[in-house]
1. Please name whichever of 85, 72, 49 sits farthest to the positive end of the charge dipole of the range 42-87, dipole taken about the Cα centre and charges placed at Cβ: Lys and Arg +1, Asp and Glu -1.
2. Pairs of alpha-carbon atoms within less than 8 angstrom and 6+ residues apart define the contacts here; what relative contact order does the chain have, in percent?
3. Give the list, by residue number, of cysteines in the chain with no other Cys Cβ closer than 4.7 Å, or say none.
4. Using just the helices of the chain, give the 222 nm mean residue ellipticity in deg cm²/dmol: DSSP H runs with n ≥ 4 each add -39,500 (n - 2.57), and the total is spread over all residues, rounded to 500.
5. Residue-wise, which Karplus ³J(HN,Hα) couplings in Hz belong to the range 10-16, taking 6.51 cos²θ - 1.76 cosθ + 1.60, θ = phi - 60°, and x for glycine or proline?
6. If you plug each phi of the range 37-49 into the Karplus form 6.51 cos²θ - 1.76 cosθ + 1.60 with θ = phi - 60°, what whole-Hz ³J(HN,Hα) values come out, in order, with x for Gly and Pro?
7. Go through the range 70-87 residue by residue and turn each phi into a ³J(HN,Hα) via Karplus (6.51, -1.76, 1.60, θ = phi - 60°); whole Hz please, and just put x for glycine and proline.
8. Straight distance only, please: which lysines reach the Cα of residue 131 with their own Cα at less than 28 Å, same-chain residues fewer than 8 apart left out?
Amino acid sequence: MPEESSLIAPCGMNCGICLGYLRKERRCPGCRADDKNKPSICVKCIIKNCETVKLSKSGFCYECENYPCKRLKQLDKRYRTKYAMSMMENLASIKANGLRAFIEKEHQRWSCPKCGGVICVHRGYCLDCGKQPA
């Protein structure tokens, strides 16, 4: 998993563990990258396109006076329920410990113990070797 801060979306999603980023064909470059090759749902994302977040010092939702907004709450609930991952917990970690510490923690959490590949948040297993985390 690349340890690039550019792969951490304004909502706290780690794009480096997203199926869209990890797939071989029509690979998404991540939320903060150019919109070319992104799925339309990502291009139109309310959070990614939020002017308040774009103008904030950190570039993350936690700086917004409306944090957490309705869209972030919906997204967080869906990811907690379906994927055992929370954008709001990610944002709290980034705010409290810094982006570099968050990225290091993510690398440990999502690295495949068998091959060192990345465990996909949406599939729940390593797309390189098929290993599921213990």
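1. Most positive-ward Cα: 85.
2. The value is 24 percent.
3. Result for the chain is 11, 15, 18, 28, 31, 42, 45, 50, 61, 64, 69, 120, no neighbouring Cys Cβ within the cutoff.
4. Per the formula, -10000 deg cm²/dmol.
5. x, 7, x, 5, 8, 4, x
6. Using θ = phi - 60°, the values come out as 6, 7, x, 4, 4, 6, 4, 8, 3, 4, 6, 4, 9 Hz.
7. Per-residue couplings from phi come out as 4, 5, 5, 4, 4, 4, 4, 4, 4, 6, 5, 6, 8, 10, 6, 9, 10, 5 Hz.
8. Candidates past the 8-residue exclusion: 24, 38, 77, 82, 105, 114.
Quick note: the coordinates plus some simple rules give every number you see, no bench work behind them. Since we're looking at a predicted model, the values are computed, not measured. FYI the Cβ positions are ideal-geometry reconstructions off the backbone, even for glycines, and counts take in every protein chain you see.
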